[in-house]
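Okay, so here's the structure we're looking at.
The values are calculated or read from the model by the stated rules, or taken from the named source; none is laboratory data. Bear in mind the structure is a predicted one, so any value in this text is a computation, not a measurement. All Cβ positions, even for glycine, are placed from backbone atoms using ideal geometry, and neighbour counts span all protein chains on display.
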Amino acid sequence: MTEFIDALDVAVARMLARVDGPLHVGAPLGLGKPHRLLNALYDAALADPTRPLTLYTALSLDPPAGGDDLEGRFLGPFAERHFGKDFVRLKYVDALRRDALPSHVAVEEFYLQSGAMLGSTQSQRRYASLNYTHVARALADRGVNVLVQKVASNEDASRFSLSSNTDLTFDAIDALLAAGRPRPLLVAEVDPQLPWLGGTAAVDAAFFDLVVTPPPPYPRLFGLPRQPVSDADYAIGFLASALVRDGGTLQIGIGTLADALSHALALRHTDNAAYRRVLHALDPDIARHPAVRRCGGLDPFVQGLYGCSEMINEGFRRLVEVGVIRRRVVDKAALMRRANDGSASALDQELIARDGEFLHGAFYLGSPDFYAWLRGLDADTCRGIGMKRVGEVNELYGLDEGLERLQRRDARFFNSCMMATALGSAVSDGLDDGRVVSGVGGQYNFVAMAHALPDARSALLLRASREDGGRRVSNIRWHYGHTTIPRHLRDLYITEYGIADVRGLTDEDCVLAMTRIADAAHQSHLLERARASRKLDPRFVAPPAWARNTPERLREALAPLRRDGSLPDYPLGSDFDAVEQRLLQALGWLKSRTATRGGRLRTIVAALRDGRTDDADALRRMALDAPSGIRERLLARLLALGLSSTAVAHGDGPARPSAG
C-alpha cells in the first residue's frame, strides 16, 4: 500500500526503516530532483555515520551566488529575483564544491552542471563517464535500493505524473529486476509547481511506496536564464537550419546555439524572405552548398517536423507555437509506413491526427516562461507531447527498431561541442588533463544513430574561436588530449564561417573542409601541422576567400539584420530587464579587456581617466550610484567605462563585443 506523508523527516525515517544497510539512492537529473527530500536525507546521513549513503544522479542544478565584485553585484540580486528567496539549494552540492562530503557519504554523477565542478576533487573522482542510455544498467550494477523523484499530482492524488523526468525511472526499475535485484523503494515528492503531462508519464498512486507532500511554501522551479545570442551563434544557427528537410525529424541541444537554430527555423517558416536575407549575408551561395542541396532546404515547412530529443526546451516551445513542429507519429508501424510513402487514406490521416504525437522527450528544462507554457497547454497540444524513457528517445535499437526507423525519417541531430580536431573528432565534455566539464549525456547516442539511419545526419556546432587569457584561440585544433566523439564517426561540423561535410572523407579532404570553416588567423597553423603529419599535399595553398573568416567581417555582414530586428539579442525572450541587459553587455566588454595583466592595467587607467556614464539606473542596480571607499569608486569607474563603451552609438543599436 502507498503511504502518504506530509512531513519530510517522517518520510526519511520511513526510508531508513524500510531499507536495510547502506542507502544507494537514485535521483533524476535536473528538474525532477526533489531538493527538500534530498536535503532531509543528507541531514539524516550526517547525523548517523553508521548508515552510509551513496547518491547516484546527474545535473545537480545550483543557482549562481552573489559577491562584492562586479559579477557578484550583478548575479546576487538577479538570482534572488529569478530563482526566488526561498529556492532550496542542494546541501550536498555545497559540500562537493568545498570537498567537504563526509567519508560515509558519496555522490556519483554522470553529467555535471557545465564547468561547475572543475575545482572539486570529490566530484571529479566520483564522476561516471556513461552514455545516457547506459545509466540504467549502471544503476542496477550498483544495487540501487531507493529511487526518489519529484512529481505532479492530479486533484485527488490518485495519479501522479513523472512530468519533467521520464528518462530513467522506468528503465532503472526494469534493469534492476532483469539483474535479479529487488524492486527499489520508490519515493515521490509532490510539487504543485510541476506541470502535469499525461500519457506514459502518468502512473497510478500505487506505483510509489511513499508519497510525501511537504508543506508550503513551494519554491519556484529552477529556471535557466536565457542568454543573449551573439553574431557567431546566429551564423551557426542559420547555417544549421538550412540542413533541415521538411517532413523530417529534429533533435537539438541547449544553449545559445540551440536558441539561434530555433529562431532560424521559426523565421524560415514565418518570414521566409527575412530568413533568406540572413543566409545571403552569411553566404550568397548557400542554396548551392553541396550539403544543403543533398540534405536540407530553405523553404517554409509544409509537412512540418517531428521533434525527438532527449531534452525538450525553450526552442521546441517556439517551434510548436509557430507550427514548425507538427508532424505527428503513431506507434503503429503499418500506419507510419503508409504515412511515409504517401498512401495513407483519409481514415489513416484521421487516426494520426487523433492519436499521434509531434514531440517526444525524456526530460525538460527551461525558463519560468517555458514552465508556464507547459502548465497552460490546451488539451490537443498537451496530447501531442509524449514524455518517454531515454531508451526510447536516444536509442534506435530499443523496444521497436522498425517503428522508430519509420518515425525518425530525415532525422537531423544538432548538438554542440567545445572543440573539434582537423581530423574530425569532437571534444564536448572534458579537458585534456582528465577533468570533466559536463558529461557525454546523449551526444554519442545521437551521433551514432545518425550513422545507423539511412537518411539521417549529425551536425556538431561550435564557435570557430574563443577568448582565452586575453587572446583568441582556435576551437578547431590539430590534436587534443581528450575525445568525446571519435573521428570515425565524423559527419557535419558547423562554425560561424560555414558547413563542413566530412562524413566518409579521406583525412586530407577532412583537414581541408575543417580548415575552411576555421578562423582565418588560425588556418595556417592547421595546414602546417597537416603537412608535417603527412596528411596534406605540401603544394596546397589556401584560397583567398578563406581569409574572409574573421569576426569583424561577420559583424559587418550581420549589422543591418541586427538593426532591422531579424536577429534580436534574445530571440526566445529574456529573463533580464532592460537595465540588466545593458549591464550584461558592459560586463562582457570589461571581461574581454581585463583577461590579461596588461589589459587590466590599461582598462583601469582608461576607467580612471574616462569612466563616466549617464546610466544612473545601471549604477543604482549595481549599488554603485553612491560609491564609498577606494574599491567601490574604482568599480564604479570601471562599470561606467563599460557602459559608455557599449552604449547606443549613432542610432545603430547596442555596440557588441567581438562575435564568438
Which listed residue is out of contact with any Asp or Glu (no Cβ under 9 Å at 6 or more places or on another chain) and either polar (S, T, N, Q) or over 23 Å from S458 (Cβ atoms) (or both), from P300, P284: P284
Hits in the range 395-424 - residues which are in a loop (DSSP other than H, G, I, E, B) and at pLDDT below 95: E395, L396, Y397, G398, L399, D400
Within the range 495-535, considering residues that are among the acidic types (D, E) and within 27 Å of the chain's Cα centre (by Cα), the one surrounded by the most Cβ atoms within 10 Å (Cβ to Cβ): E496
Count of the range 57-92 residues which are surrounded by 20 or more Cβ atoms within 10 Å (Cβ to Cβ) and either at pLDDT below 95 or not charged (D, E, K, R) (or both): 12
Strands (runs of 3 or more DSSP E) lying entirely in the range 1-101 (those with 3 or more residues that are in contact with a Cys (Cβ under 6 Å, 6 or more places away or on another chain) and either touching a residue at least 24 places away in the same chain (Cβ under 8 Å) or outside the structural domain of L147 (by TED's automatic domain parsing) (or both)): none
Residues (of a type in the set (F, W, Y) and exposed (fewer than 15 other Cβ atoms within 10 Å of the Cβ)) located in the range 352-398: Y397
Which listed residue is in a loop (DSSP other than H, G, I, E, B), at pLDDT 95 or above and under 23 Å from P28 (Cα atoms), from G361, G366, G307: G366
Residue in the range 310-326 that is in the same structural domain as A353 (by TED's automatic domain parsing), out of contact with any helix residue (DSSP H, G or I) (no Cβ under 9 Å at 6 or more places or on another chain), assigned to a helix (DSSP H, G or I) and farther than 17 Å from I236 by Cβ present: no
Restricting the range 611-621 to residues that are in contact with a Leu (Cβ under 6 Å, 6 or more places away or on another chain) and not β-branched (V, I, T), the residue that is nearest to E467 (Cα to Cα): G611
Conditions (1) assigned to a helix (DSSP H, G or I); (2) within 16 Å of G573 (Cβ to Cβ); (3) touching a residue at least 24 places away in the same chain (Cβ under 8 Å); number of the one not met by R337: (2)
Counted residues, the range 399-417 - those being more than 30 Å from R463 (Cβ to Cβ) and either surrounded by fewer than 17 Cβ atoms within 10 Å (Cβ to Cβ) or touching a residue at least 40 places away in the same chain (Cβ under 8 Å) (or both): 9
Filter pass, T54 being more than 26 Å from the chain's Cα centre (by Cα), surrounded by fewer than 16 Cβ atoms within 10 Å (Cβ to Cβ) and either within 26 Å of F207 (Cα to Cα) or at pLDDT 95 or above (or both): no
Single residue of L37, L96 found to be among the aliphatic types (A, V, I, L, M), buried (at least 18 other Cβ atoms within 10 Å of the Cβ) and under 22 Å from P215 (Cα atoms): L37
Breaking point among (1) surrounded by fewer than 16 Cβ atoms within 10 Å (Cβ to Cβ); (2) in a helix (DSSP H, G or I), for L641: (1)
Residue identified as over 24 Å from the mean Cα position of the chain (by Cα) and at positive phi among D69, D43, D99: D99
Check on V229, touching a residue at least 60 places away in the same chain (Cβ under 8 Å) and within 22 Å of S438 (Cα to Cα): yes
Checking L512 against (1) at pLDDT below 95; (2) within 22 Å of S474 (Cα to Cα), the condition it does not meet: (1)
Candidates D174, D167, filtered to the one that is outside the structural domain of D433 (by TED's automatic domain parsing), within 21 Å of G398 (Cβ to Cβ) and not in a helix (DSSP H, G or I): D167
Qualifying position, being under 27 Å from the mean Cα position of the chain (by Cα) and either in the same structural domain as H451 (by TED's automatic domain parsing) or under 28 Å from D491 (Cα atoms) (or both), among D355, D400, D378: D378
T550 of a type in the set (S, T, Y), crowded, with 16+ Cβ neighbours inside 10 Å and closer than 26 Å to Y444 by Cβ: no
Pairs, first more than 24 Å from F413 (Cβ to Cβ) in the range 272-300, second among the polar types (S, T, N, Q), C-beta under 6 Å, six or more apart: A274/S566
